[in-house]
Amino acid sequence: MLPTIEWKDDVIVMIDQRKLPASEIYVSCKTAQEVARAIKTMVIRGAPAIGVAAAMGIAIGMRRSKATGTKQFATEFQKLCDLMAATRPTAVNLFWAIERMKRVFADAAQGGCSVDEIKQRLESDARRIHDEDVESCRTMGAFGAELVPQEARILTHCNAGALATAGYGTALGVVRAAAERGKKVTVLADETRPFLQGARLTAWELVKDGIDTTVITDNMAGSMMRLGQVDLVVVGADRIAANGDVANKIGTYGVAVLAREHGIPFYVAAPLSTIDLDTADGSTIPIEERDSREVTHVGPSRLTPEGVRVRNPAFDVTPARYITAIITERGVVRAPFHESLAALVSGQSAVGSRQ
């Protein structure tokens, strides 16, 4: 399993995803501020992974606190939560992890725990969030593998693998689980402009796993579908609204429209922490706009003329009507999503149900 993020001794260690695949460099974060910077600058990315990183960042920040009284300690805690919340706006897993840490803090404080005891509880839960994410990805992968034919050509967009999680992956977890079951799977990986997560990260992961992978440019997907070279699409998600609208890496919407036109199943794989029942539909999901340099340059080389205007939204929203099913660690749900997702989150849907 790829070491996306780990708590080692007194530091949070994460692989620098900006450097892949050219080099495997690890960044050690000793403070909450360093973890927040790593999230914001894409050292670590992927919705589940940044949720794990935020929880660990808060825990290690509070571990280093010099506060002796719970009031000062609580003030510092809130500042760190605000720091993490300001890093990236779209992925709801980030805010889910922060809220979970807030509940741990409140429960410990209300229970009369000392500052040292609260520190320990925060660290224990941050580590637990990491381990739960790995387990949920493996369970999700097993459910998703059932949807994959014995021989399948799978198209994916962006990177929803081990690098985007604490390990194993969401969309790539489905691919891995299918391969582990002996299914003959090959992958078409959209390069995913402008940050090239597919070309750099998805391809890197799958080549390491020995899974047959071909990188295509984003504008080749429709042609590959028309030529009959895609059997299904599996992508991850950064936020799933209550009605089933899905925010994911920019370009996902186009892939979903193409899949519908060609009669190809379009699956979304994501943990329960990505489902945001407080957001009614995709129209209110905040879409992060990133630095124009990601579009205008590849490394030091400029691609566009000076003075041209640039847009760089990092995500788009795929309407629920284009989604065949959503794969989670509790099973696979289908439309009507406003009913099936609510039941899933409340625990009313049986594990492994095929709604």
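The values are calculated or read from the model by the stated rules, or taken from the named source; none is laboratory data. All values derive from a computational prediction rather than experimental measurement. Positions of Cβ are backbone-derived with ideal geometry, glycine not excepted, and every protein chain shown enters the neighbour counts. In case anyone asks, the SASA skips ligands and DNA or RNA and just uses the protein heavy atoms, side chains included. Shrake-Rupley method; radii C 1.70, N 1.55, O 1.52, S 1.80 Å.
Before moving on, here are some points about what is shown:
- Bridges between two residues of the chain, per DSSP, are antiparallel at a rate of about 50%.
- All aspartates and glutamates inside 13 Å of Lys66 as judged from Cα atoms, apart from same-chain residues fewer than 8 positions distant: Glu76, Asp116
- With all protein chains kept in place, the per residue accessible area of the range 161-304 amounts to 37 square angstrom at a probe of 1.4 angstrom.
- Whole-angstrom gap from the range 111-125 to the range 10-70, using each part's C-alpha centre: 20 Å
- Length-normalised contact order for the chain - Cα pairs under 8 Å, 6+ apart - percent: 15 percent
- Percent of Cα pairs exceeding the 29 Å cut-off, where the set is the range 38-194: 30 percent
- Across Trp96, Trp204, the residue with the most accessible area heads the list, and the full order at a 1.4 Å probe is Trp96, Trp204.
- Rotationally averaged projected area of the range 1-49 (alpha carbon convex hull; nm²): 3.5 nm²
- Other residues lying with their Cβ under 12 Å from the Cβ of Ile287 contribute a combined charge of +1, Lys and Arg counting +1, Asp and Glu -1.
- Computed from Cα atoms, the angle from the helix 337-346 axis to the main principal axis of the chain rounds to 40 degrees.
- For the peptides 305-315, 230-240, residues were scored by their other Cβ atoms within 10 Å and the scores averaged per peptide; the highest-first order is 230-240, 305-315.
- Asp278-Ser114 pseudo-label distance in nm [points 7 Å out on the Cα-to-Cβ vector]: 3.4 nm
- Annotation for His297 and Arg103: the two label points, set 7 Å from Cα along the Cα-Cβ direction, are 4.3 nm apart.
- Charge tally in the Cβ shell below 14 Å around Gln229, where Lys, Arg are +1 and Asp, Glu are -1, Gln229 excluded: -2
- Pair Arg311, Thr75: separation of 7 Å Cα→Cβ label points (nm): 4.5 nm
- The order of the peptides 62-71, 143-152, 129-138 by mean Cβ neighbours within 10 Å, most packed first, is 129-138, 143-152, 62-71.
- When restricted to Cα atoms, the range 27-130 yields an Rg and a Dmax of 12.7, 38 Å, respectively.
- Hull volume per residue, based on the alpha-carbon atoms of the range 137-290 and their convex hull, is 108 Å³.
- Dimensions of the range 203-320 along the principal axes, based on C-alpha atoms and rounded to the nearest Å, stand at 42, 37, 31, largest first.
- Comparing Ser28, Ser273, Ser301 in a Gaussian network model of the chain, where Cα atoms under 10 Å apart are tied by springs, the biggest mean-square fluctuation is seen for Ser301.
- In the range 1-84, the C-alpha radius of gyration followed by the widest Cα-Cα span (Dmax) gives 13.5, 47 angstrom.
- Dividing the radius of gyration of the alpha carbons in the range 42-82 by their Kirkwood radius gives 1.08 for Rg/Rh.
- Quotient of C-alpha Rg and 2.2 N^0.38 Å, computed over the chain: 0.98
- Convex hull per residue volume in Å³, alpha carbons only, for the range 267-337: 143 Å³
- Against the chain, whose longest principal axis comes from its Cα atoms, helix 70-85 is set at around 20 degrees.
- For the chain, the 222 nm mean residue ellipticity estimated from helices alone, with every DSSP H stretch of n ≥ 4 adding -39500 (n - 2.57) and the total spread over all residues, rounds to -12500 deg cm²/dmol.
- Residue among Gln72, Gln110, Gln120 with the largest mean-square fluctuation in a Gaussian network model of the chain, springs linking Cα atoms under 10 Å: Gln110
- Each peptide among 187-196, 276-285 gets the average number of other Cβ atoms lying within 10 Å of its residues, and from highest to lowest they stand as 187-196, 276-285.
- Candidates Met224, Met56, Met101: whichever shows maximal mean-square fluctuation once the chain is modelled as a Gaussian network with Cα springs under 10 Å: Met224
- Computed in the context of the full set of protein chains, the accessible area of the range 23-142 at 1.4 Å probe radius has 51% of its extent on carbon or sulfur.
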